Structures are given as C-alpha cells and as structure tokens.
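The values are calculated or read from the model by the stated rules, or taken from the named source; none is laboratory data. All values derive from a computational prediction rather than experimental measurement. Cβ coordinates were reconstructed from backbone atoms using ideal geometry, including for glycine residues, and neighbour counts include every protein chain displayed.
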2 protein chains.
Amino acid sequence: MITDRQLLILQAIIDDFIRNAQPIGSRSLSKKEGITFSSATIRNEMSDLEEFGFLEKTHTSSGRIPSEKGYRYYVDHLLAPERIKTDDRRIIRSIFADRIYELEKIVQKSAKILSELTNYTSIVLGPKVKDNKLKKIQIISLTKETAIAIIITDTGHVENKVISLPPSFDMNEIEKMANILNDRLVGVPLAELRDKIYKEVAVLLSQHIQNYGTLVSSLAETLDISNPPKLFFGGKTNMLKQPEFHDIDKVSSLLSLIDQEQGLYEIMKQNPAGIHVKIGRENNNVLLEDCSLITATYSVGEQQVGTIAILGPTRMEYSRVISLLEFFSKDMTALLTKLYQNY
Amino acid sequence: MITDRQLLILQAIIDDFIRNAQPIGSRSLSKKEGITFSSATIRNEMSDLEEFGFLEKTHTSSGRIPSEKGYRYYVDHLLAPERIKTDDRRIIRSIFADRIYELEKIVQKSAKILSELTNYTSIVLGPKVKDNKLKKIQIISLTKETAIAIIITDTGHVENKVISLPPSFDMNEIEKMANILNDRLVGVPLAELRDKIYKEVAVLLSQHIQNYGTLVSSLAETLDISNPPKLFFGGKTNMLKQPEFHDIDKVSSLLSLIDQEQGLYEIMKQNPAGIHVKIGRENNNVLLEDCSLITATYSVGEQQVGTIAILGPTRMEYSRVISLLEFFSKDMTALLTKLYQNY
DNA sequence: TGTTAGCACTCTGTACTTGTGAGTGCTAAT
DNA sequence: ATTAGCACTCACAAGTACAGAGTGCTAACA
C-alpha cells in the first residue's frame, strides 16, 4: 500500500515539476518546507513510487519526473481545489458583463479570455444549433438564378446560404414557397428540418410551385445544419511558451493539428457532462502525447449545448485550470440559461 | 556601373540561396552551369557586389548571402516570370469551379489553396462590403426585449445582429419600422447607411414609431458596417517549416503577430492595385524583418475589392509566387466580375 | 526497524581544445 | 583582364575534461 508520506512526496514532486519543468532530486526536495525527513529517506520513497509507476527518471542518475499514471493519481486524489483569485473572477465575469446577445461572440470572447488567464490554448466548441428551433425562414432573390435563404433560430442564430434557382423560375413563387415553409416548419428543431421537408412539405410545395424539385433539394441541403458546430480558439501560440515545446518539430505538428481543426473536433465532440481531464496518451493521439486536455461543458438549463477545453502540457496547472473551468462553466451556464431558457 | 557578369553572379547567388538557405562561396558557384569563369574571378566580382550593397557576409570568411537591397534589385530587374505548371493552374481554377456563391467561402478556400501551393502563409483581406448596396433589411423579434436585425446586400452578403428593444415596445411597430427602412434605404451603399438613417429616416420614424430613440441608435450601430473586412489565413504554421525560423522566439513572436490579426490588417489595408513586393524591413515592422510580403489585389469589374498576400521568408521564391498571384488575381477578378458585375 | 550518513558511481551540461572544410583576400604569373 | 596559388579566417564537429546533481547501496544509529 502507498503511505501518506509517499503521497506527500508525490505531491511535492508534481507541484514542483509543474512549476519548474525540471526533474527533481531527493536533495532539493528535502529542502522544501513541509518535508522533515532526509534525502536518503526520500530516495527510498521515490524508489518505491517509481516501482508503483507514479514516477519516472529521464536517465539513470537524474531526478524524478511524474509519469502519466502519477498525474492521473494526482488529479484523482491529491488535487486541492484552488481558490480563484478575485481578479480572475472579475475577468471571467467581464465576459458576460457586456450586453452581448450573440452566443458566438460570447463564446469567442470566452476562448480569448480563458487562454489569457491560463496561458494555455483554449478551445471552445460552439453551441449546438441542431436543437434550436426554427424561428423563421426567409428567401430573398438576388439575381435571376440565385436567391439567398436565411434561417433564424429561436436563440437568435442566423444561417444563410446562396441557393441557385431553377431556370425560368418565377420570382413570385419564392414568396409563396417561403410562406409554405414558414407555416409548416416554424418551431421545428433544426435537426429535424431536412426530414420534415421531404416528408411533409415537399408534397405541398409540389402542388403550388412549378419546377420545385431541384429547388427543394438545394434548400433542404441549406437547411441541413449538419454543419458541425464551430470551434473557437484562444492562445493558439501559447504552446510555444512552454519549455517542453521548444522543439520545433513537436510544436509544428501540434500547431498543425490545432490549425486543422478536424482532429480536435473529433476529440471535442465526445463531451460527457462535467469536468474531465485527459492526460497524455489518454487522448489517443500521438500528437497530444505530451499534452493534457481538460474539458468542461456548458448548458442552457438542463440541456448541455457546448464544450470548452484547455489544452496544455501534461505538466499543466491542473488545480488552477480545473477551478477556473468550473467557475467559468457555471457562470456561462447561468447566463445562457437566463438568456435563452424561457424562449 | 554594374556589369552583366556581376548581374549573372548576383542572380545565381540569389537563386541558389532561395533554394538552399545557405551562404554560397565562390568555389561552389564556379561549378554551377552557366558559370564559365574561375572562382577567383567570382571572388573579385562578389567583392564588388558586396561593395554595391547587394551581398552580405555572415562572417569574415563565409560565403555571401543576398542583402535586402540585393533582393530588391533581383525583384525589380532580374526576375524571369515563371511559367505556371499546368497542375498549379488546374488547382487554382478548381477554387472557382464549384458553384459557390458566397464570396467568403471562395476567399477562404483561396487562402487555403494558395498556402498549399506555395508552402508559405497566405493572407486574404476579404471583400470590402461597404461599397455593397443594401438589398433588404429584416427585423425579427426574438423576445420581449430583443429582436434580430438582418441586412442583406446585393452581393448576397448577410450581416446580423441582435438588438435590444426599448421596454414595452409594440411588436407591431417592428414591421412598420422595417418597412420604412426598406422603403428608404434599399440600394444605398452600406457605407452611407448610418448617415442616411440619421438624416433622412429618423424623422420619418419618429412620426410613426413610439419610443424610437434608443432603437434607432442601436439599429444605426448595427448597420454601421465599419466592421473592417475579415482576414482569412492559410498555412499559418508554414513558417515553422522554413529553416530560418527554427528559432522558437522568432517564430513565436511572428505567429503571435499573425494570430493577433490587428497588426496584419494595418499592413494589408493599404492596398495599391497590382502586385507589390515588400522585402524585410520595407515592411516597417521588426517582426517582419526577415519576411517578405507579396500582395495582389482583386476586383469586381474596375472596382478593387480585396487584397491577397503571401508571407514568407525574405528568401522567398519571388518568381513563382508572383506568377501564381498574378494568375490567381486575374482569375478571381474574372469570376467575381462575372458573378457580381451586372447586379 | 525505520531513518540517516556516507560513499562510489552515473549521467548531463559546459567549457576548452583541436582538426577540418569552405570560404576569403591578396599577389604574382599568364 | 583572368586565374592559380597561398596564407589566413571562421564555423562546426568531435573529443576530452570536469563540475554538479543525482542515484543506489551499505552500514551505523535511535
């Protein structure tokens, strides 16, 4: 069994390594306050901790560094929730202080502020729009061959797309069509729009609109908000500040991953409620081997709508980041709930 | 005066340095094809070229590298316009092949493709919307206190913003208001909207709408598309691949500049027509000291609407990039002109 | 029996040395 | 004018030496 003293040492090592990014040896550890026993004792304990798999050496006579398992234990059992500085609270609150109504802008600003607060990279998966309900569809003709379709959701989200009209399409029919669509589709969650168009509305349209076939399909496609939610980033280049990423090749592939977006999206979209920590290889991605990702979710009422994550080195300030994310996600949820709950 | 042989040598040195990023000495240069004279001769010529300020040494007995002045001369006088590979042509054409109507998407895709083609970072300043003319304003109520204002331009560009309504605002008046606005403002260039609202429409509104004051101001703000055009990027991390940026600090500050956007925007917005090359310190920015920026403009008809740029090391493949940009900007202009000219 | 002092050993990082290769500038011969 | 030849310079890589921080083990100690 692991003793209390060993845990104390493990914690001290991890805390120190998170600060200094340097392997730490028994002698320097013995000088730390809170450590009352000698370096020799520490050596023995360290040896045990290494046997348990919590610590590693970079070479035979180096100090120890935490292993992934070590971090995992630390996160699961040793983490003292950190008090958030009032300054930080204030800064987070400031995101929500302005009377901004567009969810996207709030999310964008959040990403920026969280990365500034943590000095890591923040990634925010924007709110799912597919549960939003249709508020209105507008179709506005642009040229003879094109029109612009705009859909507005109950949360004030606007999507638009230019669609091409069938040749010799009667402009008057556009309005007719929009009316039919609005009659039938308002209040329907976006996710179901596409289906509903084909199943219920197409028939109706075919009775009223000439040449409706191509139009409906291009419209259905427009309305098919399988467009995945957007990713927002803050502090993309913060990784470069971390000493473990002073290797250009490492940083280059990591930044490419971030810039690609696709890969991260896959990771972000599995978003179980609450705060979750993935350490190193737990991320199942070679490029993230030396990184940890802490994710939190935010909701409108009970309905979870988005995910926010902080990406840093495995040597991340877990305690601080977790506290910040907890605080942030609560505040964000509260705000969104207030804004959109009663729609 | 500078002799033809000196120019030949200058060209050979620059061409070689662009390829290999290594200082080049007289002996290796003498082995190149096209060079018929001995290394000693070359040494003498190099010495002269250095005196003219076209070449530099990294240390007393190193080979020579081009100076900024050298690149400048090269770009101005020695550049052989490069034939664009048919593959590259095809790739650029493919941007415009899909029937995409949204200008933004075209621009986005352009940035991506140009960065892939050149292996440098591409920056595209999106089309100016302020010359676009208003096609339609829509105001749609969301809640008791908020409504969403949507404006559509003649080019199919859509902007929207949530506005807050004065307390106890009558929903019916929204429609009235929208009608008035559309009556008076359709066809007006966006840049003039704000003025026009205050000067012409406000009076009218005040006669028909109660409590119109705050509403008008928030609406005017919404319509004020002083929102600068967006910047689009491709290959942000391509810089990391260049050997001259293997220094983390350099690359870090450069990427920050790129991520900040603001700084680049200042540079991009002064966009004289045609293709322009800024080399090193000509960019007037310490962070871009080792970079060159090649800009090109694109137009709708005669009306120049946006700028596209390639950012690379001073040791950039000027010839290739210039040719690509020339080709691209012509094609882009042709497409846009076809799409939007006759609106 | 758990803790600690002491010691031999290991490994990294830095500094110093040395040799090599690619380069230069100058001079004298062609 | 051009070029061969030569002395000289500098960067870079390899080798050596050494200090510093660390380990593991053993034996003494409370």
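Scanning segment A:128-150 for residues that are within 14 Å of another protein chain (Cβ to nearest Cβ) and not aliphatic (A, V, I, L, M) gives A:132, A:133, A:135, A:136, A:138, A:141, A:143, A:144, A:145, A:146.
Okay, residues lined up against (1) at pLDDT below 95; (2) farther than 29 Å from residue B:119 by Cβ; (3) under 38 Å from the mean Cα position of the chain (by Cα):
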site: B:9; (1), (2), (3): no, no, yes
site: B:16; (1), (2), (3): no, no, yes
site: B:23; (1), (2), (3): no, no, yes
site: B:26; (1), (2), (3): no, yes, no
site: B:34; (1), (2), (3): yes, no, yes
site: B:51; (1), (2), (3): no, yes, yes
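When residue A:251 is tested against (1) within 14 Å of chain B (Cβ to nearest Cβ); (2) surrounded by fewer than 22 Cβ atoms within 10 Å (Cβ to Cβ), only condition (2) is not met. Only residues that are within 18 Å of residue B:104 (Cα to Cα), at the interface with another protein chain (Cβ under 7 Å from one of its Cβ atoms) and touching a residue at least 24 places away in the same chain (Cβ under 8 Å) were counted in segment A:151-160, giving 0. Selection of segment A:43-71 for residues being within 7 Å of DNA strand D (Cβ to nearest atom), touching a residue at least 24 places away in the same chain (Cβ under 8 Å) and farther than 22 Å from residue A:290 by Cβ yields only A:46. Report yes if residue A:105 is part of a helix (DSSP H, G or I) and surrounded by fewer than 16 Cβ atoms within 10 Å (Cβ to Cβ), otherwise no. Criteria met by residue A:105. Scanning segment A:22-71 for residues that are within 12 Å of DNA strand C (Cβ to nearest atom), closer than 19 Å to residue A:4 by Cβ and assigned to a loop (DSSP other than H, G, I, E, B) yields A:35, A:36, A:37, A:38.
The single condition among (1) of a type in the set (Ser, Thr, Tyr); (2) touching a helix residue (DSSP H, G or I) at 6+ places or on another chain (Cβ under 8 Å); (3) surrounded by 19 or more Cβ atoms within 10 Å (Cβ to Cβ) that residue B:323 does not meet is (2). I'm trying to understand the selection: among the residues of segment A:239-266, which are of a type in the set (A, V, I, L, M) and without any contact (Cβ under 8 Å) to a residue 24 or more places away in the chain? Within segment A:239-266, A:240, A:248, A:251, A:255 qualify.
Based on what the data block shows, is residue A:68 under 23 Å from residue A:282 (Cα atoms), at pLDDT 95 or above and among the charged types (D, E, K, R)?
yes
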